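S.K.: Just passing along the structure, written as structure tokens.
The values are calculated or read from the model by the stated rules, or taken from the named source; none is laboratory data. Computed from a predicted structure; not experimentally measured. Note: ideal-geometry Cβ built from the backbone for every residue, glycine included; neighbour counts use all protein chains shown.
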Protein chains: 2
Amino acid sequence: MSTETKCNPDLVRERAKCTFDVNELINLFYGSEKATKERRHFEDAVLAVKELKDAIPEEYLSHKERYENGVRKATILRDVYRDYKAKHNRDPPPNQITKAVIKDISPFLLHNGMFVPTIAGQGTPEQQAEWLPKAESMQIIGTYAQTELGHGSFIRGLETIATYDPKTEEFVLNNPTLTSFKWWPGGLGSTVNHCVVVAQLYINGKSHGIHPFIAQIRDLDTHKPLPGVKVGEIGPKMGFQTANNGFLGFDNFRIPRKNMLMKNAQVLKDGTFVKGINEKLTYGTMVMVRVGIVGDCSFYAALAATIAVRYSAVRHQSHIKASEPEAQILDYLTQQHKLFIAVASSHVYRNAYLWMEKMYTNVMKELSQDKQDNLPELHATACCLKAVCSRDAGSLVEECRLACGGHGYMASSNLPLTYGVTIAAVTYEGERTVLLLQTARYLMKAWMAALKGKVLSPSVSYLLNSLKESKKPWQNTPEGIVKGFQHVSFGKVKAAYETIQKYMKQGKDYEDAWNLASVQLVKASEAHSRAILCEVSWEAVCSSSASPNLSRVLQQLAQLYLTYWTLETSGDLLLYSNITKDDLIILRDKYEELLVAIRPNAVGLVDGFDLRDEILNSTLGSYDGRVYERLMEEALKSPLNQETVNSSFHKYLKPMMEKAKL
Amino acid sequence: MSTETKCNPDLVRERAKCTFDVNELINLFYGSEKATKERRHFEDAVLAVKELKDAIPEEYLSHKERYENGVRKATILRDVYRDYKAKHNRDPPPNQITKAVIKDISPFLLHNGMFVPTIAGQGTPEQQAEWLPKAESMQIIGTYAQTELGHGSFIRGLETIATYDPKTEEFVLNNPTLTSFKWWPGGLGSTVNHCVVVAQLYINGKSHGIHPFIAQIRDLDTHKPLPGVKVGEIGPKMGFQTANNGFLGFDNFRIPRKNMLMKNAQVLKDGTFVKGINEKLTYGTMVMVRVGIVGDCSFYAALAATIAVRYSAVRHQSHIKASEPEAQILDYLTQQHKLFIAVASSHVYRNAYLWMEKMYTNVMKELSQDKQDNLPELHATACCLKAVCSRDAGSLVEECRLACGGHGYMASSNLPLTYGVTIAAVTYEGERTVLLLQTARYLMKAWMAALKGKVLSPSVSYLLNSLKESKKPWQNTPEGIVKGFQHVSFGKVKAAYETIQKYMKQGKDYEDAWNLASVQLVKASEAHSRAILCEVSWEAVCSSSASPNLSRVLQQLAQLYLTYWTLETSGDLLLYSNITKDDLIILRDKYEELLVAIRPNAVGLVDGFDLRDEILNSTLGSYDGRVYERLMEEALKSPLNQETVNSSFHKYLKPMMEKAKL
């Protein structure tokens, strides 16, 4: 961090007030002092590359120029990573500094995030040997093409066809309809030359379900689409402008037999189909990506909170007391109400991410020992936490943005783009409602098992406990609130189950009854997620190794999260737990006390996320608080401000004014 | 509307199912058959102008190109309006067809919306005679410059200074600090040559508060900024990309005395300051603009709902029953839950808008008769309804967008821009929290009057009734729910008041106690707004002149709104009304029944908003349902798709791939 000599005096004062050691928080949040050091070291390396800086912000460029600038930076960044690895003989540490370079999304996102992992996860050793070295070194550039214009969440409905031709030992790829065109894969538009294509396999007229195939779609030398390939980009979006999402259609495009990824199912030379032993093994990548999204949610909430809290410390507006100067807007309780929940939630998501990562590692280990018992629980948990955290994080980012007033609407605040990127996660890698209903299926199964007195998996074992504890009085403590959320989930799971039964008694079959109960089923899944988030984050804080000073503040944040959600969902608690009206009034008062208690540490807490100015990329959020200077500096970069008079005056305005005189 | 011959068969089927006359709904929604006819006639006139169509969508252009294209279209549109007026001897009817042309916001928005009305409202007859003809005919182009870099909601804190110089009979305008620069006025960036500047008036070193001044800032012939004027545009935003928002600073810039708008306060030649008789008369424009925003909310909710409902009728995904084909996603109850509330809310906002318009007209009439009694109620009501409707509408638009899955993230769906424009209204013309706290002040006054047994204004008279009726049992009817929301508001107003008292008893002064209670005060204002929206919209439906077939459906929508919010805020109702857990379970079932009941009419209901394809401007929402064809057609317009290989391949990708081989 830079010295504080030029810092806005409000921020200097805020930092002097902080009651804990910010460095201790940073090291705790990122794992260790060593992790912090390594991360910062890599950040320095990236920031030292001058070519990675934008001359003018991307928002001023055309769609095409943005893409070209994105490719430029992505390739330079690739070099930085490679050089670091060569020099230190290890991958760069986990970091977000690429956000300081690729402000939006990289056109290589799916190369690294899906193309390489899919070959690694679903290719045979021979296939890995053929493609992985080329892909990892970027001699070839790939993406993962699954979603189609007409099909997203329902994978079995995909229409792209791969027909095996035993005569030539090839697959023939076809997109028979407009809706069968691949649509969305990142980098597909103009960047990649390879992709994994997910298609329906047909052998001798018989369908064998969907499988992944590797297809080279552009010439490596000229980059021209190969014959039989129709490919292009899908146009502008709410965010992801430099992700270069594309479409793709095949017309009798042939690929060799060895291009089907055959770690699971196989097609032999003569066309014999050999079924995979365990299709569920491919869940791994999908679950890993969803766990990663929970981690992203922590990052985006931290980013937005840092910007909004610092701005709110610098911004003065109106008076709390007529006799005093204009107040920092951070002093308004309404502002604290909007912002502190974002700070608290970032920690909650971080702890949930670490908890899920552990669960994931365990299950993967078990799978390698052919033990699959805990796979459904992992899958159900990843589904609902991804769904709930991404929607919540989107709302938190947007509340932070709105809390910055008009300036939060400026692209230069970086809050609009941050919202666009955060909210996208509600849809990609499993649409929110679809995922919550998947978890609901798991919960209904668990409920039926509970009714039969069976032992339940750890994450749903509270359903049994709640069944037993339903008569116990409410405890107005963090532990009591955690139990309260479990009771709510219990109550909603039970109610949804009974609603299905009700509709079936009315003569509906199970599937229609499920649909009619699905609003309730979604809410049951949400309640289940909330119960997990509350329990996991409270336990993490209680078992943390933080010093007493830091621990006190982290407990306040965790309690804020618990209390906030108790008040937000008080109707559920009144319906399904033993909380009373008086308990709620006590918690409402407690909530106000927590805001006041956290207030002096607000700036210290966001400093503790240790997000550099270049990552924040925000006129409002920089460490030194030079808000107004930066707003003006950024505005002056506008191409419209490089000319005294825009050509549209002579072309359009002046003729209009002249005509008006007639 | 076009013929249905080429229409998507799902939409044809949906329309055949409709149980009411769509034309009756259209005429009811827009006031009369005559209004519909006139509106459509003007829409035709606008759509007939070929030059108003964009060759490629604006999202592909650079920031500067978008602006230039916006000016081009705005000036042509101006001609269309003028020609219509000349031909028909009346202004064009209320319409949204300009959205089909200016997809975002016009650079003339503040000319028509604020510059002209301010001269009309705050100028003397002489001033009106001088400027209005020029402004109305667009010989001059103006904006309204109030907000500054450092001050938005707290107008008294504005820093721009107008010092009267009696020697030359001029005002000297100055912006002494960076934070005093005007920031945000639409059109200011590169478009206008005049503006109303709101500045602190100083005469002989004495401050006389803020007043409006007319300043010419650019040369009419060359468009160059005049000496002493620093002006430019503020850069890209979340929306409003073509609004050309700008900044402005004066350096000893002189304007004649007659340029202060002096309908209220005056400065005489010798520098004598004559105070205005009634400063509150200037509230008129502000209230009118806020009432207009409630109307806008109805439009944006209708727009998003039309797109999302039609798309959901066309889109098929997954199976409700394994034995049946893939279902229309509109058949999923979870989808109905997301969309129908937007349809219902559009009607609620429309009715609230009409109700407020009537209140506004009455109060303006009373003001002209020097009767001011009802001004505070009008102001308080406009504040909270603007605040609540804009935030709710933003959320509804975003839920509609998310309900369209990945395709809702595409700019070509028009949902991202619609969200950006809708959500902006939460901030402009009075920031949400600031407005809610203004209403809260009114509610606290009303509460104290109620405690003293005084008669209250109509919109808060329920506070007295609730005081009396608190023991009555809950009625599970629409009327009962309306009363329930009044009880909630009553309970929250009371609780906030008592919280202030509590803090004062602890030794806080009133101002600090107010701040500490402000989260509750905001919620009390929200509850008050909800009670009004519920009452006004239910009454409008009950007193509507609709036929029985239509009336049945409109009642379902209104009940959906009531039931939705009962379930959403069940905690409040359990705390503050006599609703029971059993009542809530009945309402939950009722809500599911309403969704099922509305389902067959969903497409008919959005057809009833009568928004042309050109206004919707959406690949997903067109009347004929050609969703996938339009998505591809729009994508093919991308400049990246006009070339086989982008230059970035040779510049960046190929060198990277080559290097990787080494």
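S.K.: Name every residue in the stretch A:159-173 that is surrounded by fewer than 21 Cβ atoms within 10 Å (Cβ to Cβ), touching a residue at least 24 places away in the same chain (Cβ under 8 Å) and not hydroxyl-bearing (Ser, Thr, Tyr), in order of residue number. Walk me through how you get there before you give the answer.
M.R.: Pass one, the stretch A:159-173, residues surrounded by fewer than 21 Cβ atoms within 10 Å (Cβ to Cβ): A:159, A:161, A:163, A:165-170, A:172.
From the residues that got through so far, the ones that are touching a residue at least 24 places away in the same chain (Cβ under 8 Å) too are A:159, A:161, A:163, A:165-166, A:168-170, A:172.
Of everything in the stretch A:159-173, those that are surrounded by fewer than 21 Cβ atoms within 10 Å (Cβ to Cβ), touching a residue at least 24 places away in the same chain (Cβ under 8 Å) and not hydroxyl-bearing (Ser, Thr, Tyr) turn out to be A:159, A:161, A:165, A:166, A:169, A:170, A:172.
S.K.: Looking only at the stretch B:156-173, count how many residues are part of a strand (DSSP E or B) and more than 10 Å from residue B:201 (Cβ to Cβ).
M.R.: Of the residues in the stretch B:156-173, 4 are part of a strand (DSSP E or B) and more than 10 Å from residue B:201 (Cβ to Cβ).
S.K.: Next up: Of the conditions (1) closer than 18 Å to residue A:393 by Cα; (2) surrounded by fewer than 22 Cβ atoms within 10 Å (Cβ to Cβ), residue A:525 satisfies every one except a single condition; which number is it?
M.R.: (2)
S.K.: Here is a list: A:380, A:403. Which entry is crowded, with 24+ Cβ neighbours inside 10 Å and away from chain B (no Cβ under 11 Å)?
M.R.: Numbers: A:403 fails: away from chain B (no Cβ under 11 Å).
A:380 is the lone residue from the list that is crowded, with 24+ Cβ neighbours inside 10 Å and away from chain B (no Cβ under 11 Å).
S.K.: Moving to a separate point now. Given the conditions (1) without any contact (Cβ under 8 Å) to a residue 60 or more places away in the chain; (2) of a type in the set (Lys, Arg); (3) buried (at least 18 other Cβ atoms within 10 Å of the Cβ), and given that residue A:310 satisfies all but one, which numbered condition is not satisfied?
M.R.: (1)
S.K.: Give the residues of the stretch A:622-632 that are in contact with a Lys or Arg (Cβ under 9 Å, 6 or more places away or on another chain) and in a helix (DSSP H, G or I), sorted by residue number.
M.R.: Start the filter on the stretch A:622-632 by keeping residues that are in contact with a Lys or Arg (Cβ under 9 Å, 6 or more places away or on another chain), which leaves A:622-627.
If the condition is that a residue be in contact with a Lys or Arg (Cβ under 9 Å, 6 or more places away or on another chain) and in a helix (DSSP H, G or I), then A:627 is the only one that fits.
A quick yes/no check of all residues on (1) more than 7 Å from chain A (Cβ to nearest Cβ); (2) closer than 29 Å to residue A:180 by Cβ; (3) buried (at least 21 other Cβ atoms within 10 Å of the Cβ); (4) among the hydrophobic types (A, V, I, L, M, F, W, C):
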position	(1), (2), (3), (4)
B:552	yes, no, no, no
B:585	yes, no, no, yes
B:612	yes, no, no, no
B:616	yes, yes, yes, yes
B:631	no, yes, yes, yes
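S.K.: May I pose another question? Could you tell me how many of the residues in the stretch A:478-511 are surrounded by fewer than 18 Cβ atoms within 10 Å (Cβ to Cβ), in a helix (DSSP H, G or I) and more than 34 Å from the chain's Cα centre (by Cα)?
M.R.: Counting residues in the stretch A:478-511 that are surrounded by fewer than 18 Cβ atoms within 10 Å (Cβ to Cβ), in a helix (DSSP H, G or I) and more than 34 Å from the chain's Cα centre (by Cα) gives 4.
S.K.: Would you tally the residues in the stretch B:57-97 being within 8 Å of chain A (Cβ to nearest Cβ) and either farther than 30 Å from residue B:234 by Cβ or among the aromatic types (Phe, Trp, Tyr) (or both)?
M.R.: Residues flagged as within 8 Å of chain A (Cβ to nearest Cβ) and either farther than 30 Å from residue B:234 by Cβ or among the aromatic types (Phe, Trp, Tyr) (or both) within the stretch B:57-97 amount to 2.
Yes or no, residue by residue, for (1) touching a strand residue (DSSP E or B) at 6+ places or on another chain (Cβ under 9 Å); (2) assigned by TED's automatic domain parsing to the domain that holds residue A:542; (3) not acidic (Asp, Glu):
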| site | (1), (2), (3) |
| --- | --- |
| A:306 | no, yes, yes |
| A:313 | yes, yes, yes |
| A:320 | no, yes, yes |
| A:326 | yes, yes, no |
| A:329 | yes, yes, yes |
| A:346 | no, yes, yes |
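S.K.: Quick check on the stretch B:476-495. Is at least one of its residues under 23 Å from residue A:333 (Cα atoms) and of a type in the set (Asp, Glu)? Walk me through how you get there before you give the answer.
M.R.: Kept after step one, since they are under 23 Å from residue A:333 (Cα atoms), are these residues of the stretch B:476-495: B:488-495.
Imposing the further condition that a residue be of a type in the set (Asp, Glu) reduces the set to none.
No, the stretch B:476-495 contains no residue that is under 23 Å from residue A:333 (Cα atoms) and of a type in the set (Asp, Glu).
S.K.: Being outside any helix (DSSP H, G or I) and among the small types (Gly, Ala, Ser) is the filter; apply it to the stretch B:295-327 and report the residue that is farthest from the chain's Cα centre (by Cα).
M.R.: B:323
S.K.: Taking interchain pairs and intrachain pairs at least six residues apart, which have beta carbon atoms under 7 angstrom, with the first residue in the stretch B:290-302 and more than 15 Å from residue B:378 (Cα to Cα) and the second in a helix (DSSP H, G or I) and aliphatic (A, V, I, L, M)?
M.R.: Cβ pairs passing all conditions: B:297/B:393; B:300/B:393; B:300/B:397; B:301/B:342; B:301/B:393; B:301/B:396; B:301/B:397.
Okay, residues lined up against (1) at pLDDT 95 or above; (2) more than 12 Å from every other protein chain (Cβ to nearest Cβ); (3) touching a helix residue (DSSP H, G or I) at 6+ places or on another chain (Cβ under 7 Å):
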{"position": "B:468", "(1), (2), (3)": "no, yes, no"}
{"position": "B:479", "(1), (2), (3)": "yes, yes, no"}
{"position": "B:485", "(1), (2), (3)": "yes, yes, yes"}
{"position": "B:493", "(1), (2), (3)": "yes, yes, yes"}
{"position": "B:502", "(1), (2), (3)": "yes, no, no"}
{"position": "B:505", "(1), (2), (3)": "yes, yes, no"}
{"position": "B:521", "(1), (2), (3)": "yes, no, yes"}
{"position": "B:529", "(1), (2), (3)": "yes, yes, yes"}
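S.K.: Still on this structure: Report yes if residue A:358 is outside any helix (DSSP H, G or I), at pLDDT 95 or above and away from chain B (no Cβ under 14 Å), otherwise no.
M.R.: Details: outside any helix (DSSP H, G or I): no; at pLDDT 95 or above: yes; away from chain B (no Cβ under 14 Å): yes.
When the stated conditions are applied, residue A:358 does not pass them.
S.K.: Can you tell me which of (1) among the basic types (Lys, Arg); (2) under 30 Å from residue B:631 (Cβ atoms); (3) within 12 Å of chain B (Cβ to nearest Cβ) is the one residue A:103 doesn't meet?
M.R.: (3)
S.K.: Kindly establish whether residue A:128 is surrounded by fewer than 21 Cβ atoms within 10 Å (Cβ to Cβ) and either over 26 Å from residue B:632 (Cβ atoms) or of a type in the set (Lys, Arg) (or both).
M.R.: Details: surrounded by fewer than 21 Cβ atoms within 10 Å (Cβ to Cβ): yes; either over 26 Å from residue B:632 (Cβ atoms) or of a type in the set (Lys, Arg) (or both): yes.
The answer is yes for residue A:128.
S.K.: Taking the conditions exactly as written (in the same structural domain as residue B:529 (by TED's automatic domain parsing) and modelled with pLDDT of 95 or more), does residue B:267 satisfy them or not?
M.R.: The answer is no for residue B:267.
S.K.: Between B:417, B:464, which is more than 14 Å from chain A (Cβ to nearest Cβ), assigned to a helix (DSSP H, G or I) and in contact with a Gly (Cβ under 9 Å, 6 or more places away or on another chain)? Outline the logic, then answer.
M.R.: Details: B:417 fails: more than 14 Å from chain A (Cβ to nearest Cβ).
Being more than 14 Å from chain A (Cβ to nearest Cβ), assigned to a helix (DSSP H, G or I) and in contact with a Gly (Cβ under 9 Å, 6 or more places away or on another chain) holds for just one of B:417, B:464, which is B:464.
S.K.: So for the stretch A:639-656 (the condition being touching a helix residue (DSSP H, G or I) at 6+ places or on another chain (Cβ under 7 Å), outside the structural domain of residue A:392 (by TED's automatic domain parsing), part of a helix (DSSP H, G or I) and in contact (Cβ under 8 Å) with a residue 60 or more places away in the chain), does at least one residue qualify?
M.R.: Yes, the stretch A:639-656 contains a residue that is touching a helix residue (DSSP H, G or I) at 6+ places or on another chain (Cβ under 7 Å), outside the structural domain of residue A:392 (by TED's automatic domain parsing), part of a helix (DSSP H, G or I) and in contact (Cβ under 8 Å) with a residue 60 or more places away in the chain.
S.K.: Which count do you get for residues in the stretch A:181-214 that are closer than 13 Å to residue A:160 by Cα, small (Gly, Ala, Ser) and buried (at least 23 other Cβ atoms within 10 Å of the Cβ)?
M.R.: Final tally of qualifying residues: 1.
S.K.: OK, next. If you check residue A:434 against the conditions, is it farther than 29 Å from residue A:153 by Cα and either in contact with a Pro (Cβ under 8 Å, 6 or more places away or on another chain) or β-branched (Val, Ile, Thr) (or both)?
M.R.: Spelling it out, it is not the case that residue A:434 is farther than 29 Å from residue A:153 by Cα and either in contact with a Pro (Cβ under 8 Å, 6 or more places away or on another chain) or β-branched (Val, Ile, Thr) (or both).
S.K.: Yes or no: the stretch A:157-177 includes at least one residue that is more than 24 Å from the chain's Cα centre (by Cα), more than 25 Å from residue B:629 (Cβ to Cβ) and within 10 Å of chain B (Cβ to nearest Cβ). Steps first, please.
M.R.: Of the stretch A:157-177, the ones more than 24 Å from the chain's Cα centre (by Cα) are A:157-177.
When the remaining residues are screened for being more than 25 Å from residue B:629 (Cβ to Cβ), the result is A:162-172.
Among the residues that remain, those that are also within 10 Å of chain B (Cβ to nearest Cβ) are: none.
No - not one qualifying residue is present in the stretch A:157-177.
Rundown of residues vs (1) at the interface with chain A (Cβ under 7 Å from one of its Cβ atoms); (2) without any contact (Cβ under 8 Å) to a residue 60 or more places away in the chain, yes/no style:
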{"residue": "B:572", "(1), (2)": "no, no"}
{"residue": "B:581", "(1), (2)": "yes, yes"}
{"residue": "B:588", "(1), (2)": "no, yes"}
{"residue": "B:606", "(1), (2)": "no, no"}
{"residue": "B:626", "(1), (2)": "no, no"}
